[in-house]
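Engineer: Okay, here's the structure, questions in a sec.
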Amino acid sequence: MFLYRITTGGLMYNYKTHLQGSYKKLADAMEKVETERNFNSYAEDPAAASKAFQLRRDHWRNAAHTRNNSNVYSTFSQAYDTVDQVKNKLGYFLANDGTLVGLNTPDASGRNALGQSILEAANAAVQSMNANYAGNFIFAGADGLNVPFEWSEDGKTLLFRGVDVSGNGTKLDANGQKISDGGLLALDDMNNETTYVDIGLGMAENIDGQPIVSTVYNSALSGIDFLGYGTDEDGDPKNAIMIMKQIGDILMNCSSEDGKFAKPEDEETLNRLSKKLQTSLDDMNTKFVELATKAQFLQTNEEKLKDEKDTLNKQVLEVEKMGPAEAITLMIYAQYAYNAALKIGMNILSESLIDYMK
């Protein structure tokens, strides 16, 4: 049989250990009153802490989805305003029978002035389609860092990222090396470019590591998708700005003396191009409606993400938040325990002093 000797030093060591534990519980309880948190470390409640981590991870993802959605929506809103402005500029002359006025005006100044106005409208449309938002060119497809539209050096051809919008010629890279044999093929490729962003549609990949289209959102906008590109069966451009330019050039080339057309076939060409400009504007209106639909979807999705955020906030609070009454009750209990520990210590110290005096 073993007999254990209880010394004053051992008793004091155990007492101080328990006193420190009581003080820590009191400090933790006081912190919960201040923060109203249900737990302050993973060890206090592993199950709740794990659930809180999952909820907060979902909350962070929601915030990222909301930012992406907001950025795309803002870009599409800017694009909507720009396209609306451009189609109004290009449609002004048709809406006011401008070309017809140019044909019927007997003096040269009328046709030349109208031609000048149409060319200015075409140049203004190019500037509008080069709109920049948040450091990126809106209508440049997947290459938002470079200007999408510019005129060729001779001023006769409109280029989209270095390629004739009518599909002629070849596409060259920054070093002047040929990328493709056909300009039309290059335009097709650029018009079909995609820039996928995660806006909370359940982003997933297929077995090849490519994103599943239905789970991501394509934020790329190509200017030639709205303005058109290539040529038709008559060899006329499908691009609205190029049609405007050719109409303007015909009117500007009319005689400065009697207003006669420079070539016999110019009058027929002008009439033909005027009808095709109307078709081009109709196509642009269709794309304009599609863009509005996309913007509406993004707006609806943003509202859904906000509702999801509110739900996640409530769930996080349910797991992490402690009510004021519960926190105060816990602190009062910890305070009682700590005071009791102090009282026991006073008794131990008193008895030890008497033993020492004996």
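The values are calculated or read from the model by the stated rules, or taken from the named source; none is laboratory data. All of these numbers come straight from a predicted model, not from anything done at the bench. Note that we place each Cβ from the backbone using ideal geometry, even for glycine, and neighbour counts take in every protein chain shown. Note: areas computed on protein heavy atoms with side chains; ligands, DNA, RNA excluded. Shrake-Rupley method; radii C 1.70, N 1.55, O 1.52, S 1.80 Å.
Engineer: Excluding Gln116 itself, what net charge comes from residues whose Cβ is under 13 Å from its Cβ, given Lys and Arg +1 and Asp and Glu -1?
Structural biologist: So the surrounding residues net to 0.
Engineer: Sticking with this one: How would you order 292-299, 253-260 from highest to lowest mean count of nearby Cβ atoms within 10 Å?
Structural biologist: Per-residue mean Cβ counts within 10 Å order the peptides as 292-299, 253-260.
Engineer: Further question on the same structure: Taking all protein chains in place and a 1.4 Å probe, what share, in percent, of the accessible surface of region 142-298 do carbon and sulfur account for?
Structural biologist: Ligands and nucleic acids excluded, carbon and sulfur give 47 percent.
Engineer: Using amide H atoms built in the peptide plane, which far-off residues or other-chain residues are under 5 Å from Ser222 H to H?
Structural biologist: Under 5 Å from the amide H of Ser222: Gly141.
Engineer: Mind giving me the nanometre distance, one decimal, between the label points for Gln296 and Thr215, set 7 Å out from Cα along Cα→Cβ?
Structural biologist: The answer from the label model is 2.9 nm.
Engineer: Please compare each pair in Lys156/Lys238; Lys87/Lys238; Lys87/Lys260; Lys87/Lys275; Lys51/Lys314; Lys245/Lys275 to a cut-off of 18 Å on the Cα-Cα distance and tell me which ones are over it.
Structural biologist: Lys87/Lys260
Engineer: HN-Hα J couplings of region 75-81 from phi, Karplus 6.51/-1.76/1.60, θ = phi - 60°, integer Hz, Gly and Pro as x?
Structural biologist: 5, 5, 5, 5, 5, 4, 5
Engineer: Need one value: the accessible area of Asp225 in square angstrom, 1.4 angstrom probe, rounded to the nearest 10.
Structural biologist: 50
Engineer: Using 0.36 nm per residue of separation minus the Cα-Cα distance, give me the extension gain between Asp283 and Asp188 in nm, one decimal.
Structural biologist: 32.5 nm
Engineer: Would you please give the residues with an amide H less than 5 Å from that of Phe137, counting only those at least 5 places away or on a separate chain, with H modeled from the backbone geometry?
Structural biologist: It is Leu145, Asn146, by chain and number.
Engineer: At 7 Å along the Cα-to-beta-carbon direction for both Glu267 and Ser74, put a label point, then send me their distance in nm to one decimal.
Structural biologist: 5.5
Engineer: So, one more: Quickly rank 73-85, 192-204 as a protection proxy: mean count of other C-beta atoms within 10 Å, highest first.
Structural biologist: 73-85, 192-204
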